[in-house]
1. Assigning unit charges at the beta carbon (Lys, Arg +1; Asp, Glu -1) and nothing else, what dipole magnitude in debye, to the nearest 20, does the chain show about its Cα centre?
2. Can you tell me the 0 to 90 degree angle between the C-alpha axis of helix 174-190 and the longest principal axis of the chain, rounded to 10?
3. Under the rule of -39500 (n - 2.57) per DSSP H run of 4 or more residues, summed and divided by the residues of the chain, what mean residue ellipticity at 222 nm is obtained, to the nearest 500 deg cm²/dmol?
4. Please list, by residue number, everything in the range 335-355 whose backbone N is under 13 Å from a paramagnetic label point 7 Å out along Cα→Cβ of H218.
5. Among Q125, I163, L99, which residue has its Cα positioned farthest towards the positive end of the charge dipole of the range 92-172, with +1 placed on the Cβ of Lys and Arg, -1 on the Cβ of Asp and Glu, and the dipole taken about the Cα centre?
6. Highest mean first, what order results for 134-146, 231-243, 308-320, 361-373 on Cβ atoms within 10 Å?
7. Might you report the magnitude of the Cβ-based charge dipole of the range 226-338 about its Cα centre, with Lys and Arg at +1 and Asp and Glu at -1, to the nearest 20 debye?
8. Taking 0.36 nm per residue of separation and subtracting the Cα-Cα distance, what length does fully extending N194 through Q146 add?
Amino acid sequence: MNLMDPMRSRMEPNSMDRPEDGRFLHLIHLDLPLLFGLLAVSGLGLVVLYSAGQQNQDLMIGQAIRLGLGFVIMLTLAQIPPRYFRFWSPWIYLAGIVLLLAVMVVGDISKGAQRWLDLGVVRFQPSEIMKLAVPMMMAWFFAEKQLPPRWPHLLGGALLTAIPFILIAEQPDLGTALVVGCAGASALFLAGLNWWVMGGLVGALGAAIPLFWTFIMHDYQRQRVLTFLNPESDPLGTGYHIIQSKIAIGSGGIYGKGWLNGTQSHLDFLPEGSTDFIFAAFAEEFGLVGCGLLLTLYFFIIARSLYMAAYAPDTYGRLLSGSLTLVFFIYAFVNSGMVSGLLPVVGLPLPLFSYGGTSLVTIMASFGILMSIYSHRRPRSR
């Protein structure tokens, strides 16, 4: 028996994760199961986008280019050792706050919302940066502190989350603000909050709903909530989107109408069929079976990401990986619930599926960070 075998088994609990095994994907710090899940959802999304976008090849090619850019960004970030993310976390957060303040002063107004910064060369939404910056900052803040967090640290983390949440909600962009708020809350949850504290926070949030309704939410956002409760009250106005979406989902039945055979999206009954409501267009053409397959793929991506987060080498890596994974879950959960009438319409895209660039790049960047944390960990002895 080779005397080195026991040493290898102690140093490397999983042969799939050995850095010296010569596997190409490991050398470039990519995780094969997660990469498979991302490619499967992205490829399926392009197929559906071609149909939902009225067979517009330019639309699909544009999305394919954005996906390619996203995978390049993911690959690039996966090569960076996690210690650099940790070092830059507070600076990225501060830069994001400065950009959000700049939006309030010189931001472009589009469709009644002031969300964009135009730098001449590029036009982007700084709020998207905070979807990464807030989890990074929260992980950095709690990395060297005793966990579960004490009350002063808990209040500090809540403040770090509340500042970008309020700035984004004032743009107004309630959907992104909720994602950022949930990202911070996810980090607090993963830091080890006990159930009594969590119950107290939920109670405090419930008590703050009247204040949020009165002073934070805009008129159109209040109308969205009222429409969610009773969409039939204005079927040709504010309730039109969700009614048509539910019709599309229901008409798909078990097996769907078939690819390119959807009527709600092709006859323009379904608004935003290639963006926020692409899940409804997919359900109409592929039915319950197709929806089950898509949700299974999302579940696989989330489960694999949580597995990778569990094997992160330190507190910073575990909190950041877990928070980014839960943000991805929130995207998928809120969008699918929104188009099926289970949640109010908040304008969140279906991740890796909906047409768009900024959110897609942000999501792929988060997976690049996750792969970096997982692939750069040192072998640990049993």
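Readers should treat all values here as calculations from the given coordinates under stated rules, not as data from a laboratory. Quick caveat: nothing in here was measured; it's all calculated off a predicted structure. No Cβ is skipped: glycine too gets one built from the backbone with ideal geometry, and neighbour counts run over all protein chains shown.
1. 1200 debye
2. For 174-190 against the chain, the angle is about 30 degrees.
3. -22000 deg cm²/dmol
4. 347
5. I163
6. Ranking, from highest mean packing down: 361-373, 134-146, 308-320, 231-243.
7. It comes to approximately 420 debye.
8. Between N194 and Q146, full extension yields 15.9 nm more.
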